[in-house]
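Asks: What follows is a single structure, and I will ask about it in a moment.
The values are calculated or read from the model by the stated rules, or taken from the named source; none is laboratory data. Being a predicted model, the structure only gives us computed values, none of them experimental. When we count neighbours, we look across all protein chains shown, and the Cβ atoms used for this are built from the backbone with ideal geometry, even at glycine. What goes into the accessible areas is simple: the full protein's heavy atoms, side chains included, and nothing from ligands, DNA or RNA. Shrake-Rupley method; radii C 1.70, N 1.55, O 1.52, S 1.80 Å.
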Amino acid sequence: MPQTRRQARRILGLFETSHLWTITTMAACALVAWAAAVWPEHEGLTDGGRWALFILVLSAGLWVTEAIPAVAVSLLAIGLEIAILGRPGGVFATGPKDWEMFIEPWGSSLIWLFFGGFCLAAAAEKTGLDRWLALRAVGFFGDKPAMLLVGVMSITAVLSMFMSNTATATLMVAVFGPLIVSRPVDDRFVKALLLAIAFGANVGGMGTVIGTPPNAIAAGVLSEAVGSGAMPPEHGVDFAQWMILAVPPAALILVLSWGYLTAAYLGGAAFKPVENLSFGGGKPPVVPPLRQVIVVGTFVATIGMWITSPWHGIPTTVVSFIPICVLTSTGVLLGDDLRTLSWDILLMIAGGLSLGVAIAETGLADWLVAQLPLEGLSPMAMVLGFGFLTVVLSNLMSNTATANIVLPLALAATTSIDGRLVVPIALCASLAMCLAISTPPNAIVYGAKRLTARDLLLAGLLTGLVGPPVAAFWCQFALRWV
C-alpha cells in the first residue's frame, strides 16, 4: 500500500504547476506548428518542406516560450528531422543513409573552431590570466569616470571576442564588486559601469567567429553554401575576414554607447576623480608559472595564426587544434576541466546548422523567401530588414535561436548579391539589450540590483536602432577588400 501511494504521488508530480505549464505549452506549440505547416495545402511546397516548416515553427515556439531549455529544443529538432524527414520512403529521404545529413553538423568545422576557443577561455580562467588582464587593463585608465568606462568597455569587449560573453560579464562584475557595494543604491556611476559591462560583453562578441554562437552559425551557413556549390568559394568567411567585417562596426557602436553613458549618467562628473575607488574580484588561483607561460604562448600562437590564415593558408579550424592539443597534453586542462566546457552551446550550434540543412534541402527556404514581400527591394534594404527583424527576435529569445531561424532564410534571399552580407545580420543578433532576459550579460548586470528596466530599455533602443545600419553599411563597404 505505501508503495502504491508513492507511485501515485510520482504520477501526480507530473502535473505540478511547472510541469503542467511545460506540457501545455509544448502541446500548444505543436498544435500551432501543425496548423501553420502541415494542415494547409501550401502551393508549391513539397511534403518534406511542409514537415520542415512544422519543425521550424515548433522550434521557434519552444525557443520563444522557453517551455524547455534551449539546448533541448535543438536536440528535439534534430530528432524530429531524423524521425520525420530521414525515414526512407517517407516525406523526404530516399536512401537508407539520407538521415545522416541532419547529424553531420555535429562534426562541422565550426564546432571544432568553437571548441578550440572554449579551451583557450577555460585555460585563461583556470590560470587566472583573465582576471589579471582585466585588473591591469582597467587600472591603466585611471580614476576618471569617463575613462574608467572606456577601460571597462574595451577590456570586456576584447575578452568577449575570445571568451563566452556570460563568463566575461561575470568576471567584470566580480572585479568591480567591491566598488559596486560601497556606493549608494542610486549611484549613477555604478549604473553606467554595469551598462558598460553589458555593452562590452554583447557588442564585443561580434568581433570574431568564436565570439558568440550566431557568428559561428553564419560562418557555417556560408561554408555549407560554398561547399554545396550554391555560392562561389570567395563568399566564404575566414577568421581574419570576419574581423575585418565585424570589428569596425562593433568599435563604432561601443564608441556611441560610451557617449550615451557619459552624457546620460555622468554629466558634469565625467572627468572628476571617482571617490573611494577600489576593485579586486578576489585573488587569482596559484598555478605554476610554467603553465601560465604555456597559456600565454598558446594564446599568442593561436590568435596570430587565426588572423594570418589568408597568408599561410592553414584553415582556421586546423589552427584551433593547437590549443586543444597543447593545453590538454601539457596538463593545463584536465578531464574535469573539459567536462565543464559549454557543451550545450556546441549542441545548440549543431542543432541550428542541422535545422538550416532541413530548411535548405527540402526547398522550404526558397518557398519562404518567395512568400516575403522582397520584390523591388535593394540588397541593402533586404539586409537592413533582416537585421532589424533579428534585433527584435533576439530581444525576445536567445540570439542563437534567432540566428538559427533567420540566417538560412536570409541566405536564400541573397542569391543576387554577395552571400557574405549575411554577416551583418548575424552581428545584429548581438545587439539585443532591451530586456534583462535578452542576453546572459543583461541578466548578470541586472542581477546586481542597481539597474531598472528603463535603463536597459534605453540602452537596447540605442544599439537596436543604430547597430543594423552601421553593420550593414560597413560590410557593404568592406566587401571590396575581403
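Asks: Give segment 345-358 a look and list any residue that's modelled with pLDDT under 85 and within 21 Å of Leu58 (Cβ to Cβ), or say none. Walk me through it before giving the result.
Replies: We begin by selecting, within segment 345-358, every residue modelled with pLDDT under 85; these are 345, 348-349, 352-353, 356.
Once the filter is applied, which keeps residues that are modelled with pLDDT under 85 and within 21 Å of Leu58 (Cβ to Cβ), segment 345-358 yields Met348, Ile349, Gly352, Leu353, Gly356.
Asks: Tally up the residues in segment 254-272 that are open to solvent by 80 Å² or more (accessible area, probe 1.4 Å) and modelled with pLDDT under 90, please.
Replies: Number satisfying all stated conditions: 2.
Asks: So in segment 352-382, with the set limited to residues that are closer than 30 Å to Phe477 by Cβ and without any contact (Cβ under 8 Å) to a residue 24 or more places away in the chain, which one is most open to solvent (accessible area, probe 1.4 Å)?
Replies: Ranking the qualifying residues of segment 352-382, first place goes to Glu375.
Asks: Filter segment 81-112 for residues that are of a type in the set (A, V, I, L, M) and either more than 23 Å from Ile349 (Cβ to Cβ) or at pLDDT below 90 (or both); which is surrounded by the most Cβ atoms within 10 Å (Cβ to Cβ)? First the steps, then the outcome.
Replies: Pass one, segment 81-112, residues of a type in the set (A, V, I, L, M): 82-85, 91, 93, 101, 103, 110-111.
Next, only the ones that are either more than 23 Å from Ile349 (Cβ to Cβ) or at pLDDT below 90 (or both) stay: 91, 93, 110-111.
Working: Val91: 17, Ala93: 22, Leu110: 27, Ile111: 21.
Here the answer is Leu110.
Conditions tested, residue by residue: (1) under 30 Å from Gly139 (Cβ atoms); (2) not hydroxyl-bearing (Ser, Thr, Tyr).
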| site | (1), (2) |
| --- | --- |
| Phe176 | yes, yes |
| Val181 | yes, yes |
| Thr212 | yes, no |
| Gly220 | no, yes |
| Glu224 | no, yes |
| Pro233 | no, yes |
| Asp238 | no, yes |
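Asks: Okay, next question. Of (1) touching a His at 6+ places or on another chain (Cβ under 6 Å); (2) of a type in the set (D, E, K, R); (3) part of a loop (DSSP other than H, G, I, E, B), Lys449 satisfies all except one. Which?
Replies: (1)
Asks: Okay, moving on. Residues that are crowded, with 24+ Cβ neighbours inside 10 Å and of a type in the set (A, V, I, L, M, F, W, C), at least 1 per element: which helices (runs of 4 or more DSSP H) completely within segment 122-235 meet that? Let's see the steps before the verdict.
Replies: Working: elements: 129-139, 145-162, 165-175, 177-181, 188-204, 213-227.
By residue number, 129-139, 145-162, 165-175, 188-204, 213-227.
Asks: Mind listing whichever residues of segment 359-381 are more than 29 Å from Leu80 (Cβ to Cβ) and within 25 Å of the chain's Cα centre (by Cα)?
Replies: Pro379, Met380, Ala381
Asks: Please work out which one of (1) touching a Phe, Trp or Tyr at 6+ places or on another chain (Cβ under 7 Å); (2) open to solvent by less than 70 Å² (accessible area, probe 1.4 Å); (3) of a type outside the set (Asp, Glu); (4) modelled with pLDDT of 90 or more is the condition Ala30 fails and give its number.
Replies: Answer for Ala30: the failing condition is (1).
Asks: Then there's this: Can you find even one residue in segment 326-335 that is within 25 Å of Ile217 (Cα to Cα) and either assigned to a helix (DSSP H, G or I) or open to solvent by 50 Å² or more (accessible area, probe 1.4 Å) (or both)?
Replies: No - not one qualifying residue is present in segment 326-335.
Asks: Let me ask something else. Can you give me the number of residues within segment 423-456 that are under 15 Å from Lys191 (Cβ atoms) and polar (S, T, N, Q)?
Replies: 2
Asks: All but one of (1) modelled with pLDDT of 85 or more; (2) open to solvent by less than 30 Å² (accessible area, probe 1.4 Å); (3) closer than 30 Å to Val173 by Cα hold for Ile444; which doesn't?
Replies: Looking at each condition in turn, Ile444 falls short on (2).
Asks: Okay, next question. How many residues are open to solvent by 10 Å² or more (accessible area, probe 1.4 Å), touching a residue at least 60 places away in the same chain (Cβ under 8 Å) and under 24 Å from Ser342 (Cβ atoms) if we restrict to segment 398-436?
Replies: 4
Asks: Okay, next question. Looking only at segment 33-49, how many residues end up being in a helix (DSSP H, G or I) and open to solvent by 30 Å² or more (accessible area, probe 1.4 Å)?
Replies: Residues in segment 33-49 being in a helix (DSSP H, G or I) and open to solvent by 30 Å² or more (accessible area, probe 1.4 Å): 4 in total.
Asks: Give Pro284, Pro323 a once-over and let me know the one that is at pLDDT below 85 and either at negative phi or in a helix (DSSP H, G or I) (or both).
Replies: Only one candidate passes the filter, namely Pro284.
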